[in-house]
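Written out below as structure tokens is the structure these notes cover.
Any read-out appearing in this document is the output of simple, stated calculations on the displayed coordinates, not a laboratory observation. Since the structure is predicted, the reported quantities are computational estimates derived from the model, not experimental observations. We place every Cβ from the backbone using ideal geometry, glycine too, and count neighbours over all the protein chains shown.
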Amino acid sequence: MLMWIHPILQTLAVCLALYVLYLGWVRFRAAHLGEENAVFAWKRHVLLGKIVLTTLSLGFIIGLGAAWLDWKRVFITGHHYKVALLMLPLIAFGLGTGLFMDSVKAKRTALPLAHGCANALLVLLALYQLYTGINILRHMVLS
Ligand code: HEM
Ligand code: HEM
């Protein structure tokens, strides 16, 4: 039962991340492509973004815990754990820049762009984790 917590939690976080990215995309179109009728759901983006990034971080720790319970070892899942380690600085950057832009409001171009690019890359990596994670379930956990 315990082994399912990590895959289910992270899969939900990946789905929610796609929606948060969509909200950010609306902002991107308004800010950089001059689409005047694109309305950015600021508060929703911030709230759901925080939930996604916190869940991904907690999920990282729960994944390590599950590996320890199953195998008494960690860092044995190849690309899955390596990409997870790569995600950590991106999560910190996305959260740090997001919190800053939300609390110190100003007209900006470069920082939102850096925030958006880093987080878009994070979502891509999270989708890859879905793929590698399902393979781990099939070949290392359920077999
Ligand atoms: C999965 C997580 C996230 C994704 C994929 C994401 C993506 C994006 C994207 C693509 C933009 C548009 C950037 C631009 O216009 O150049 C944006 C803007 C923004 N994001 Fe996020 N974001 C995430 C998490 C967060 C979090 C956790 C916060 C706050 C704590 C946050 C706060 C903001 C704010 C305030 C803006 C507007 C900045 C501005 O235009 O001045 N985001 N985000
Ligand atoms: C999206 C972000 C994700 C992150 C940051 C992440 C992170 C991790 C980490 C750090 C481990 C420990 C690996 C090791 O010690 O070698 C792990 C294990 C694992 N992950 Fe993920 N993961 C993510 C998503 C997923 C998803 C979506 C699935 C499946 C649908 C999944 C399935 C697994 C499985 C089955 C294990 C082995 C745990 C066990 O022993 O039962 N992961 N993950």
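For the stretch 67-84, how many residues meet the condition of being over 11 Å from Gln10 (Cβ atoms) and of a type in the set (Gly, Ala, Ser)?
2
Among the residues of the stretch 27-76, which ones are of a type in the set (Phe, Trp, Tyr), within 16 Å of ligand 2 (Cβ to nearest atom) and in a helix (DSSP H, G or I)? If you could, list the steps in order and put the result at the bottom.
Of all residues in the stretch 27-76, those of a type in the set (Phe, Trp, Tyr) come to 28, 40, 42, 60, 68, 71, 75.
After this cut, where a residue has to be within 16 Å of ligand 2 (Cβ to nearest atom) as well, the list is 60, 68, 71, 75.
Answer for the stretch 27-76, where residues must be of a type in the set (Phe, Trp, Tyr), within 16 Å of ligand 2 (Cβ to nearest atom) and in a helix (DSSP H, G or I): Phe60, Trp68, Trp71.
Residues Leu111, Leu122: which one is surrounded by 14 or more Cβ atoms within 10 Å (Cβ to Cβ), near ligand 1 (Cβ under 8 Å from one of its atoms), on the phi < 0 side of the Ramachandran plot and part of a helix (DSSP H, G or I)?
Matching residue, one of Leu111, Leu122: Leu122.
Of the conditions (1) among the basic types (Lys, Arg); (2) within 11 Å of ligand 1 (Cβ to nearest atom); (3) within 21 Å of Leu127 (Cβ to Cβ); (4) exposed (fewer than 13 other Cβ atoms within 10 Å of the Cβ), Lys43 clears all except one; give me its number.
So Lys43 meets the others, but not (3).
Does the stretch 83-95 hold any residues that are more than 7 Å from ligand 1 (Cβ to nearest atom) and surrounded by 12 or more Cβ atoms within 10 Å (Cβ to Cβ), and which are they?
Across the stretch 83-95, the qualifying residues are Val83, Ala84, Leu86, Met87, Leu88, Leu90, Ile91, Ala92, Phe93.
Filter the stretch 125-138 for residues that are within 18 Å of the chain's Cα centre (by Cα) and surrounded by fewer than 13 Cβ atoms within 10 Å (Cβ to Cβ); which is nearest to ligand 2 (Cβ to nearest atom)?
In this case the residue turns out to be Ile134.
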